Amino acid sequence: MLVKSKPSLRHRFYLFEILTGLSITMKNFFFGRKVTIQFPEERRIYSSRFRGLHYIKAVNGVENCTACMLCPTVCPSECIHIEAGERADKEKYPVTFEIDILRCCYCGYCEEACPKDAIKLSAIYEMARLTRADGVLDKENLLVQRGKK
Amino acid sequence: MDRIELIWMGVKIGAVVFTMLSSVPVMVWVERRGSALMQNRLGPNRVGPLGILQAPVDVVKLLFKEDFIPAHVEKVIFVLAPAVLLIPAFMTFAVVPFAGDIAIDGKALHAQIADLDVGILYVLAISSLGVYGIIMAGWASNNKYSMIGSLRSSAQMISYELSLGLSVLGMIMMAESIHLRDIVAAQSGHIFGFLPRWGVFTQPIGFIVFLTASFAETNRLPFDLPEGESEIVAGYHTEYGAMKFALFFMAEYMNMLVASALISTLFFGGFQLLPGMGRLIDPTGALIAKFFTAGNPADWGRLALEAVSFSIKVGFFMWFFVWVRWTLPRFRYDQLMNLGWKVLFPLSLANLVVTAALMYLRVI
Ligand code: SF4
Ligand code: SF4
């Protein structure tokens, strides 16, 4: 339903309304709570579900991953690259484990798919790199425990 | 022209040009931080204390940027346009008196670069030359958005110039002179014993019309249709970059400065001391007399305080331009034209008639 209301004379006169507007901006200028987060010193607190840079959980210095290949299979961006190998105790393990974070869309499917509680997404969101090659995380880098998940 | 007059002229020109040029970075900073604070942000606060060095740093960036000229433009006019816009903005300030007279060796020296007989007419004539710069920029850019922007600007200028001129007429009639110094002098004294006899109190309608029209003349929000970021990219300066863009930017602030100076001169007593400042004349004069002795120290004190009060008034209106910009949304084009032709124009005419009638009856 279209409701038409004729603005009152005071509104159509503009000047008073403009003065009201000016006083509102002035009030914000002096007393408004400033919402800016001063980035490098202050940081936004994200929820614990935030999906950022990956890491592989390691227990006693050994990665949980068994190179089951579920995460490269589920990954929609096809950015996980694993080469499997065998340990001395016949256990399967990833010889290389690379994630191209430039292709990753941070969907978190890898984390969900993992049966071994190995691949995780941390809360780190600063991923600027100088070269494209730096954008590919290798196993050593992924084993840095970046989160507490 | 003898030596003293020559030195005085040099000092005046130097002071005015320096103040005008250095006001631009300061205003850019004020605008950016002011707008941020009004919008509950913080604005640039990293470069230097409170971010005050942000503007100089930006200037350096603009100077070192590639001076790119797109292939499809009309080169000569394209390059000329920013200068055509900027120069009139500078020239207008020549007739604005920024302090009272001073006598040295029996010679009365004016604190006004050029005391022209045409006075305020010069300001009105030169300030409307700036629109040629905008038209040239829009035309030479060979781009429809630029063209629309510049056409809007000229239509806007024509519509508001009328009201602007008519609203000034009231003040001219009351001062019975078109010299800006006479108009300032006519605003001395008090009405009802306490209100300063400023134009804003004797010609309130003229003041409102002039204020509104000067917003339109300087292409500032709420009348920034020639730029209209959300409608026509950036209007007439869409194709400009680097220092050429900076010149447009400077011209906008220069125009603001001139408009503020005119508002202060015509309606706020110009360089007349702010109420209560008279007491400071002697101490200031004594302070100045420590540095050099020519003329009467009390006169120098008055001159300095007058320049200061003029700057305060101009500064307030510069701030007012910023304040309004971040308060009001942009007008629609038909609203702009309606306001200009159907509200401001009749209002200024009526104001003129009433002023004339009251003067004939010797009420004012
Ligand atoms: S977050 Fe998504 S896109 Fe990124 S590696 Fe995991 S599954 Fe692939
Ligand atoms: S799903 Fe988990 S265990 Fe399987 S390869 Fe990926 S990280 Fe390793």
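Read the figures in this text as sums done on the coordinates, not as results from a lab. Computed from a predicted structure; not experimentally measured. FYI the Cβ positions are ideal-geometry reconstructions off the backbone, even for glycines, and counts take in every protein chain you see.
Could you work out the relative contact order of chain B, using alpha carbon pairs under 8 angstrom and six or more residues apart, expressed as a whole percent? 21 percent. The calculated pair-distance distribution of segment A:54-143 uses every alpha carbon pair, bins of 10 angstrom beginning at 0, and gives 17, 53, 26, 4 percent. Cross-link reach is defined here as a Cα-Cα straight distance under 14 Å, omitting same-chain residues fewer than 8 places apart; for B:Lys12 the aspartates and glutamates meeting it are B:Asp101, B:Asp115. Can you give me the Cα centroid spacing of segment B:147-172 and segment B:338-364 in angstrom? Their Cα centres are 17 Å away from one another. Among the listed pairs B:Lys244/B:Lys342; A:Lys27/B:Lys342; A:Lys34/B:Lys313; A:Lys34/A:Lys149; B:Lys144/B:Lys342; A:Lys90/A:Lys120, those with a Cα-Cα distance over 31 Å are B:Lys244/B:Lys342; A:Lys27/B:Lys342; A:Lys34/A:Lys149. The distance from the alpha carbon centre of segment A:117-136 to that of segment B:47-123 is 51 Å, rounded to a whole number. What the Cα atoms of the protein assembly as shown give is an Rg and a Dmax of 32.0, 114 Å. Would you report the distance distribution of C-alpha pairs in segment B:130-262 as whole percents per 10 angstrom bin, up to the bin with the largest distance? Taking all Cα pairs of segment B:130-262, the binned fractions are 12, 36, 26, 16, 9, 1 percent.
The residue among B:Pro226, B:Ala304, B:His237 whose Cα reaches farthest toward the positive pole of the charge dipole of segment B:198-329, with charges on the beta-carbon of Lys, Arg, Asp and Glu, is B:Ala304. Specify the residue with the greatest mean-square fluctuation among B:Thr92, B:Thr238, B:Thr327, computed from a Gaussian network of chain B linking alpha-carbon atoms under 10 Å apart. Its mean-square fluctuation being the largest, the pick is B:Thr327.
Compute the normalised compactness of chain B: alpha-carbon radius of gyration over 2.2 N^0.38 Å, N being the residue count.
With N residues counted in chain B, Rg over 2.2 N^0.38 Å equals 1.04.
With contributions of -39500 (n - 2.57) from each DSSP H run of at least four residues, the per-residue ellipticity at 222 nm computed over chain A stands at -6000 deg cm²/dmol. Taking the DSSP bridge list for segment A:54-143 and keeping only pairs wholly inside it, about 100 percent are antiparallel. Partner shielding of A:26-33 amounts to 4, given as the average count of beta-carbon atoms from other chains within 10 Å of each residue beta-carbon.
Taking A:Leu121, A:Leu22, A:Leu70 in turn, the Gaussian network model of chain A (Cα-Cα springs below 10 Å) assigns the largest fluctuation to A:Leu22. The charge dipole of the protein assembly as shown, taken about its Cα centre with unit charges on the Cβ atoms of Lys, Arg (+1), Asp and Glu (-1) only, comes to about 1540 debye. Calculated mean residue ellipticity, 222 nm, chain B: -21000 deg cm²/dmol, from DSSP H runs (n ≥ 4) at -39500 (n - 2.57) each, averaged per residue and rounded to 500.
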